[in-house]
Every structure is written in C-alpha cells, then in structure tokens.
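This is the structure I want to talk about, given as structure tokens.
The values are calculated or read from the model by the stated rules, or taken from the named source; none is laboratory data. A quick note: this is a predicted structure, and the numbers were derived from the prediction, not measured. Cβ placement follows ideal geometry from the backbone for every residue including glycine, while neighbour counts extend to all protein chains displayed.
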C-alpha cells in the first residue's frame, strides 16, 4: 500500500490517476473531505486528516509500506510538517519515502521554494542517520495551471505575472508516470530528479498554441496579482499565503523559471509531453 498525501489537490488527483492506472494500491490522505471522492478513481483507502497532527500521521501511515509525500500549498510551516511526516515514517519503518518538492528549491525569492529546500535537507540527513530509503522529485511549473476548459469557455487566459515572461513546464501526468516508476522499480534511493518538460513558453505563447489547435481567438490578460489572490478563501486570513503568492508573481515577472528536460526524458524513456499535446488531450477529455 502506498500512502499519498495532499491527495485531494489539483496535483494529487492527477498523480493518483496515473498511479491507479498502473495498478498501484493507494491510500489517499488529505485534510480536505473531498479526498473521499478519490474512491471513484480507484484508490483503495481514503483518510481525512491533519498533517499537523502526529496522531493523524500515524494513522495515515498504518498499513502502508511506501509514501509519496505531496506537500501542502503555501503554508507557513510547510517544512515542519514535512519533517514530522519523515520522522513518523522512520518510526513506522516505511520502506520508501518519495518526496515531491519543486525545481530549483534554492530560489530564495520564493518562500515556498525555501520551505521545500529545508524539507529536502532534513530528508537527506534522515536518510543518512536512519537509513531511510528516499527519492526527491522536483517538478517544474505544471501545465494544468493553464486550464483548457476555462480558456475555451471564456476566450481568455488570466496570468498574474508579466505575460511575455517565459517559464518551463511539466505535465502532471508525466510526473505521475515517474512517481509510479520510482515506487515500483529498485535503484532510485538517495536520488534527486528534476522533472522538466521541453517547452519554454510565456503566457502569450501558450494562448497562441491554444488558438492554433482549437481555432479559437482567446486572448492573454495580465491581471493584478491581488485579483488572483482574492479567488482563494485562504487569503482572507493567511498573510503568509498572500506574501508567498505576491513573491511568486514578482519572481516570475522579473526572472521566469527554467529547467532542463534530460532527466525527465531518461526517466520516461521518451520525450516529455509537450504543451501542444497537453492541450490536445485536455480538449479530448473535456469533449471540446
């Protein structure tokens, strides 16, 4: 049994779909009660619980041999939560701990990156001191942040950073395929893998690809970051969440973010999914 944390989030659901499709037995854990809906995807067990609770972590780990740790989004104590989970995994004698972080966790202008860097460091030391078998996966900015059905319906893509700034991307399905490989294949202990696709695109570029494929005439709208932040209920009471999102917009606007696709290509045994292929798949799956 594989415990997957953060299972009800946008990333978690996409990763779990890939794992289940490959026949893996999954226990899905999340604080969001919607984790129960993942039973429809074929997960073996679900659990609603708080990763800040040692008791809940112990319950979540019960009956599991492996962990795919997907962190919570933009929380001030993200690193501490990861550390607690790692400690309990050691006590539970988990045979493999796979941690999802982010490409370039050393980028200090991004608070969520530095949190993940601390978590990675702790995991590496715990691997040495406790003999914990671990692998770190560092995915790039996800393609699914470009929501094809929404762009189709509204004829607009809203971005919260400079719309001509280029970013590298990765398809969550490719990340799920790699996670399944790591969880079912020996030889990945103590490894850190960057997971980056071949595309290096600005929001304007992505809309152009979308329009070419669909025949639509969507536009790219750059909106104030605060407008995007206000979509989230969390922003009403969590200053860390707001600051982190603001820093994300500032960093992406000033620098963008880029990575190299060689590692992902090697792990997949094929070229990574392109943004064009992602759009075509999303259109098909959503009957667009």
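Quickly run through the stretch 244-288 and pick out the residues that are more than 19 Å from residue 165 (Cα to Cα), surrounded by fewer than 14 Cβ atoms within 10 Å (Cβ to Cβ) and either in contact (Cβ under 8 Å) with a residue 24 or more places away in the chain or under 18 Å from the mean Cα position of the chain (by Cα) (or both).
271, 286, listed by residue number.
What is the number of the single condition among (1) under 22 Å from residue 96 (Cβ atoms); (2) surrounded by fewer than 22 Cβ atoms within 10 Å (Cβ to Cβ); (3) touching a residue at least 60 places away in the same chain (Cβ under 8 Å); (4) in contact with a helix residue (DSSP H, G or I) (Cβ under 7 Å, 6 or more places away or on another chain) that residue 142 does not meet?
The number of the failed condition is (1).
Anything in the stretch 1-36 that is free of Cβ contacts under 8 Å to residues at least 24 places away in the same chain, part of a helix (DSSP H, G or I) and within 16 Å of residue 182 (Cα to Cα)? List them, or say none.
20, 21
Based on what the data block shows, is residue 192 surrounded by fewer than 18 Cβ atoms within 10 Å (Cβ to Cβ), in contact with a strand residue (DSSP E or B) (Cβ under 7 Å, 6 or more places away or on another chain) and within 25 Å of residue 76 (Cα to Cα)?
yes
Name the single residue, out of those in the stretch 158-183 being part of a loop (DSSP other than H, G, I, E, B) and touching a strand residue (DSSP E or B) at 6+ places or on another chain (Cβ under 6 Å), that is surrounded by the most Cβ atoms within 10 Å (Cβ to Cβ).
So, considering only residues that are part of a loop (DSSP other than H, G, I, E, B) and touching a strand residue (DSSP E or B) at 6+ places or on another chain (Cβ under 6 Å), the one surrounded by the most Cβ atoms within 10 Å (Cβ to Cβ) is 163.
Let me ask something else. Restricting to the stretch 101-134, name every residue that is free of Cβ contacts under 8 Å to residues at least 60 places away in the same chain and in a loop (DSSP other than H, G, I, E, B).
101, 102, 105, 106, 108, 131, 132, 133
Conditions: (1) over 25 Å from residue 34 (Cβ atoms); (2) out of contact with any helix residue (DSSP H, G or I) (no Cβ under 7 Å at 6 or more places or on another chain). Residue 134 meets all but one. Number of the miss?
For residue 134, the exception is condition (2).
Still on this structure, please answer the following. If you go through the stretch 156-171 one residue at a time, do you hit one that is within 22 Å of residue 21 (Cα to Cα) and at pLDDT 95 or above?
yes
Could you list, in sequence order, the residues of the stretch 109-131 that are in contact with a helix residue (DSSP H, G or I) (Cβ under 6 Å, 6 or more places away or on another chain) and over 21 Å from residue 92 (Cβ atoms)?
109, 110, 111, 112, 115, 118, listed by residue number.
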